[in-house]
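Worksheet: one structure, shown below.
Since every read-out is calculated from the coordinates, none of them should be taken as a lab result. Here the structure is a predicted model, which means the values were calculated and not measured. We place every Cβ from the backbone using ideal geometry, glycine too, and count neighbours over all the protein chains shown.
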């Protein structure tokens, strides 16, 4: 990592810790003020590398926080299980619908805990695709997902 990139990551990390700038646009503006030539794509990639999680603040804005930050739960007004609005499935896939902006938080929980040995998840803004293990039925996997919260 070049010094400029390392410096940018350090500043971005501090911004996320402080909670003062948390939307991608706010983060981009602060980094540009500090002399970094960044765009939304750069911010998005940097947030992924920092393992930042996306959520919704009390004003309904999509915001980012560091996942290891203990304040992670303070900006989500609901507990993780309450973020799930619906679970549906077919013979090979489970689809979990969440409140807007919450899919990455729920998917991260599932990826870390791997209930019923799920193979993995793909998360959008409010939808998660879950690839179940072939060793468990879909209904067993859904039960294990619910129990994991």
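Provide the gained length on full extension for the span residue 44 to residue 125, in nm with one decimal, where the gain is 0.36 nm per separating residue minus the Cα-Cα distance. Provide the component values of the computation, followed by the final result.
Numbers: separation 81, 0.36 × 81 = 29.16 nm, distance 1.38 nm.
Stretched fully, the residue 44-residue 125 segment lengthens by 27.8 nm.
If each residue of separation counts as 0.36 nm, what is the full-extension length gain between residue 82 and residue 18 once their alpha-carbon separation is subtracted?
Length difference between fully extended and current span is 20.4 nm.
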Rounded to the nearest 0.05, what FRET efficiency do residue 143 and residue 112 give with R0 = 30 Å and r taken as the Cβ-Cβ distance? Could you check?
0.95
Run the paramagnetic zone check for residue 133: 7 angstrom along Cα to Cβ, then residues of the stretch 88-123 with backbone nitrogen under 13 Å.
113-120
So what is the calculated 222 nm ellipticity per residue for the chain, using -39500 (n - 2.57) for each DSSP H run with n of 4 or more, over all residues, to the nearest 500 deg cm²/dmol?
-12000 deg cm²/dmol
Which of the peptides 45-55, 112-122, 97-107 is most tightly packed, and how do the rest follow, judged by the mean count of other Cβ atoms within 10 Å per residue?
97-107, 45-55, 112-122
Using only the Cα atoms of the chain, what do you get for the radius of gyration and for Dmax, in Å?
17.1, 53
State the Kirkwood hydrodynamic radius of the stretch 80-147 in Å, one decimal place, computed from all pairs of distinct Cα atoms.
11.5 Å
